[in-house]
1. Among the complete DSSP H segments of the chain, which ones combine at least 18 Å of alpha-carbon extent along their axis with a mean Kyte-Doolittle hydropathy of -1.0 or more?
2. Find which of Val145, Ala194, Met133 sits farthest along the positive direction of the dipole of the chain, computed with +1 on the beta-carbon of Lys and Arg, -1 on that of Asp and Glu, about the Cα centre.
3. Counting only residues 5 or more places away or on other chains, whose amide H sits under 5 Å from the amide H of Asp118 once H atoms are built in the peptide plane?
4. Roll a 1.4 angstrom probe over the protein heavy atoms and tell me the percent of accessible area of the chain that is carbon or sulfur.
5. Kirkwood Rh over Cα pairs of the chain into Stokes-Einstein at 25 °C, 0.890 mPa s: D in µm²/s?
6. Could you tell me the calculated FRET efficiency between Gln26 and Ala198, based on Cβ-Cβ distance and R0 = 35 angstrom, to the nearest 0.05?
7. Could you please tell me the mean projected area of the C-alpha convex hull for the range 1-120, averaged over all directions and given in square nanometres to one decimal?
8. Filter the trypsin sites (Lys or Arg not before Pro) in the range 100-208 down to the DSSP loop ones having no more than 16 other Cβ atoms within 10 Å, then list what survives.
Amino acid sequence: MPSAETLVRVGVKMVALPLGAASRRQAGDVVILCYHRVADSPREIDVPPARFADQLDAVSSGGRVRSLDDALSGSEGGVVLTFDDGFRDFHDVVLPALVERGMPALLYLATGFVDVGDPRTGIGPDGALSWTMLEEATSTGLVTVASHTHDHVDLSKAGDAEAEEQMRRSKELIEDRLGRSCTHFAYPWGRASAASDAVARRTFRSAALDSWRTNRRDRLDAHRLGRTPVFRSDSDVFIRAKARGQLDAEGYAYRLLRKGPWAPS
């Protein structure tokens, strides 16, 4: 039986869905879907593997999924799949599903997690991606690896030196270990400072910052990209609506309740 919290989240989506009828994605608009882990986990931001394949099929039913580079450079816009942090489930669960469907995706990698995991969440080396796994992922031609800082730090209070160290260290590791350019960045927890914004703008082609916001073609800022989070409670109806840019209003409920899925612990 769904928990009370899940029922509340679903209720919020049902209320928000009609509000998005007039905001449907138009040609040139870019919807960037944000995933975290694809794993059996109690966190709302982690999608069970059994649901993940259905969500991909629901997204693709609304049109072709595009790489971030294609979506930003072309006039058509489109839907982009992104995954944060970088743990082994990306290799074991996400990658086969992408290859089966020929779908491109972007992995925002916290490079400090590679090989060792994240002790703060209890994810150790057994749950970590390795550089070999990342090489396998990029060799498919479907996966782009981008920066999510090195240590997954909150940059909202970061000065120029810390932001520079975190971004450049991650970027250089990705380029050195994978032999591919690292041109995109996402802020951990969607938090930035003026200093980190300046560093990101001179270091990367794009930076993902805002949540629950479709990127409209007439006011798209490549260094303040909005992303739409995907949750375990997203049915096929809701995931299709998110891909169409119709559930941005879901974010208002989280802001009103002062509760979000990525608050640092």
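The values are calculated or read from the model by the stated rules, or taken from the named source; none is laboratory data. The structure presented is a predicted model; accordingly, all values stated were derived computationally and were not measured. Please note: Cβ atoms are built from the backbone with ideal geometry, for glycine as well, and neighbour counts cover all protein chains shown. Side chains included, ligands, DNA and RNA excluded: accessible areas come from the protein's heavy atoms. Shrake-Rupley method; radii C 1.70, N 1.55, O 1.52, S 1.80 Å.
1. Counting only whole DSSP H runs, the qualifying helices are 4-19.
2. With unit charges placed on the Cβ atoms, the residue in question is Ala194.
3. Close amide H contacts, sequence-distant or interchain: Ile123, Gly124.
4. So the carbon and sulfur contribution to the accessible surface is 52 percent.
5. On the way: Rh = 18.5 Å.
Translational diffusion coefficient: 133 µm²/s.
6. Working: r = 31 Å, r/R0 = 0.89.
For R0 = 35 Å, the calculated efficiency reads 0.65.
7. Working: hull surface 36.8 nm².
So the mean shadow area of the Cα hull is 9.2 nm².
8. Arg180
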